[in-house]
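Undergrad: Handing you this structure, nothing more for now.
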Amino acid sequence: SVKERIEKNLKEGLHTLCLLDLISEEKKYMRPNEGLKILLELGFEEEREVVIVCDLGGDARIFFGKISELITKDFDVPAAIIIPAKLHFTEREFLNRFTSSPPYQ
């Protein structure tokens, strides 16, 4: 299952890229908010940090924060969710540029 794969990756120290559903012919896509809601339903904590990457084929945007913070944002473009394992300090330093709140310690 998705939950088992994510948990296995986390245990092994691997980041997980979650590609959200996309039906380009119908111009339909799963919004990151829906993906985050599914993660919560699977039992992941609201305090888990995630990365959301939006519109990679256009004006790419990156968001980093806790599920509880990002689930309320309005994402209006196709996106993917990255569930990081333990972040190296350089990864955290980079991602902290994309938070909407003070950097996490």
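Undergrad: Springs between alpha-carbon atoms under 10 Å, Gaussian network over the chain: tell me which of GLY35, GLY57, GLY13 tops the mean-square fluctuations.
TA: Of GLY35, GLY57, GLY13, the Gaussian network model singles out GLY57 as fluctuating most.
Undergrad: Once phi is turned into θ = phi - 60°, what whole-Hz ³J(HN,Hα) does the Karplus curve with 6.51, -1.76 and 1.60 give for every residue of segment 78-83, x standing for Gly and Pro?
TA: Once θ is set to phi - 60°, the couplings for segment 78-83 become x, 8, 9, 10, 10, 9 Hz.
Undergrad: Could you give me the ³J(HN,Hα) list for segment 45-60, computed from phi with Karplus coefficients 6.51, -1.76, 1.60 and θ = phi - 60°, whole Hz, x at Gly and Pro?
TA: Karplus values, whole Hz, x for Gly and Pro: 7, 4, 7, 5, 7, 9, 10, 10, 10, 10, 6, 5, x, x, 8, 4.
Undergrad: Also, quick follow-up: If you take the beta carbon distance between ARG61 and GLU7 as r and set R0 to 22 Å, what does 1/(1 + (r/R0)^6) give as a FRET efficiency, to the nearest 0.05?
TA: 0.20
Undergrad: Set the bar at 20 Å for Cα to Cα. Now go through LYS3/LYS37; LYS37/LYS86; LYS3/LYS28; LYS3/LYS66; LYS37/LYS66; LYS37/LYS73 and name every pair that lies beyond it.
TA: On the way: LYS3/LYS37 13 Å; LYS37/LYS86 22 Å; LYS3/LYS28 24 Å; LYS3/LYS66 18 Å; LYS37/LYS66 12 Å; LYS37/LYS73 12 Å.
Pairs exceeding 20 Å: LYS37/LYS86; LYS3/LYS28.
Undergrad: Based on alpha-carbon positions alone, could you give the equivalent ellipsoid semi-axes of the chain from the gyration tensor, as √(5λ), descending, whole Å? Intermediate values should be presented prior to the final figure.
TA: Details: eigenvalues 89, 61, 33 Å².
They are 21, 17, 13 Å, listed from largest to smallest.
Undergrad: Quick one: net charge of LYS28's neighbours, Cβ under 14 Å, K/R +1, D/E -1?
TA: -3
Undergrad: Let me ask another. Tell me which GluC sites (Glu not before Pro) from segment 1-95 have a DSSP coil assignment and no more than 13 other beta carbons within 10 Å of their own.
TA: Numbers: sites: GLU4, GLU7, GLU12, GLU25, GLU26, GLU34, GLU41, GLU45, GLU46, GLU47, GLU49, GLU69, GLU91, GLU93; in loops: GLU12, GLU45, GLU46, GLU47.
Those that pass, being in a loop and sparsely packed, are GLU12, GLU45, GLU46, GLU47.
Undergrad: Counting trypsin sites (Lys or Arg not before Pro) as exposed when in a DSSP loop with at most 12 other beta carbons within 10 Å, what is the longest stretch of the chain free of them?
TA: On the way: sites that count: LYS27, LYS86.
For trypsin sites (Lys or Arg not before Pro) (loop position, at most 12 other Cβ atoms within 10 Å), the longest site-free span of the chain is 28-85.
Undergrad: Between LYS37 and HIS88, what is the label-point separation in nm under the 7 Å Cα-to-beta-carbon projection?
TA: 3.7 nm
Every number in this text was worked out from the coordinates using simple rules, so none of it is lab data. Keep in mind it's a predicted model, so treat the numbers as computed, not measured. Heads up, the Cβs are rebuilt from the backbone with ideal geometry, glycines too, and the neighbour counts pull from every protein chain shown.
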